[in-house]
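Taking it in order: structure first as C-alpha cells, then the write-up.
The values are calculated or read from the model by the stated rules, or taken from the named source; none is laboratory data. The structure presented is a predicted model; accordingly, all values stated were derived computationally and were not measured. Using ideal geometry, Cβ is built from the backbone for each residue, glycine included, and neighbour counts are taken over all protein chains shown. The protein model used for the area step is the full one, side chains on, heavy atoms only, and it has no ligands, DNA or RNA in it. Shrake-Rupley method; radii C 1.70, N 1.55, O 1.52, S 1.80 Å.
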Amino acid sequence: QVQLVESGGGLVQAGDSLRLSCAASGRTITYDSMAWFRQAPGKEREFVAAISWSGISTSYANSVKGRFTISRDNAKNTLYLRMNSLKPEDTAVYYCAAGRTTITVVQTNPEYWGQGTQVTVSS
C-alpha cells in the first residue's frame with residue numbers, strides 16, 4: 001500500500017507561482033509512474049501532468065503546458081508540481097496519484113490517490 005499526502009496549496013494572486021509536493025509512504029515509489037490531477041468546484045476531476053518512474057518522460061494537459069512542471073525525487077519518495085503564471089481557472093483541489101504502471105495508464109487509472117490540497121487563484 002502507498003499513502004500519498006499533498007502539501008503546498010494556498011491562496012495566491014493571478015500570475016503568482018506555487019510548488020505542490022506529494023510525499024509517499026508505505027513503500028518506495030521509485031518504480032511508480034505518478035501524476036497530478038485537479039478538480040474544480042462543480043467539475044469532474046481532470047488530468048494535469050504525469051511523469052514516468054525514471055523522470056525521463058512527462059506529459060501535460062494542454063491547459064497547463066508551458067506553465068506547470070512535474071518532477072520527482074525518488075530518494076525522497078516525493079513528487080512535485082511547480083505551477084507558474086497561475087490563472088483563476090487553475091483554482092481547484094489538486095490530487096497526486098501513483099501506480100506501478102505506464103505513464104499512459106497512470107493518466108487514466110492510477111492505483112493510489114492522495115487526499116488533495118486546495119489551490120485558489122484570485123484575479
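A few points about this structure:
- Taking 0.36 nm per residue of separation and subtracting the current Cα-Cα distance, fully stretching the chain between K65 and T108 would add 13.7 nm.
- Here the label points at S7 and K87, each 7 Å from Cα along the C-beta direction, are separated by 3.1 nm in the simple model.
- Basic side chains Lys and Arg get +1 at the Cβ, acidic Asp and Glu get -1 at the Cβ, and with that the dipole of region 1-103 about its Cα centre reaches some 160 debye.
- Of the accessible area of the chain, computed with a 1.4 Å probe over protein heavy atoms only, carbon and sulfur atoms account for 47 percent.
- Residue (of N77, W113, V12) at the positive-pole extreme of the chain, dipole from beta-carbon charges: N77
- Accessible surface calculations at 1.4 Å, restricted to protein heavy atoms, place the chain at 50 Å² per residue.
- Range of Cα positions in the chain per principal axis (Å), largest first: 40, 27, 24
- Over the chain, Cα pairs under 8 Å with separation of 6+ residues give a relative contact order of 36 percent.
- Cα centroid separation, region 71-113 to region 24-53 (Å): 3 Å
- Between Q118 and E44, the modelled labels are 2.5 nm apart [label points 7 Å from Cα along Cα→Cβ].
- Here K87 is the anchor, and the lysines within straight C-alpha reach of less than 22 Å, apart from those fewer than 8 places off in the same chain, are K43, K65.
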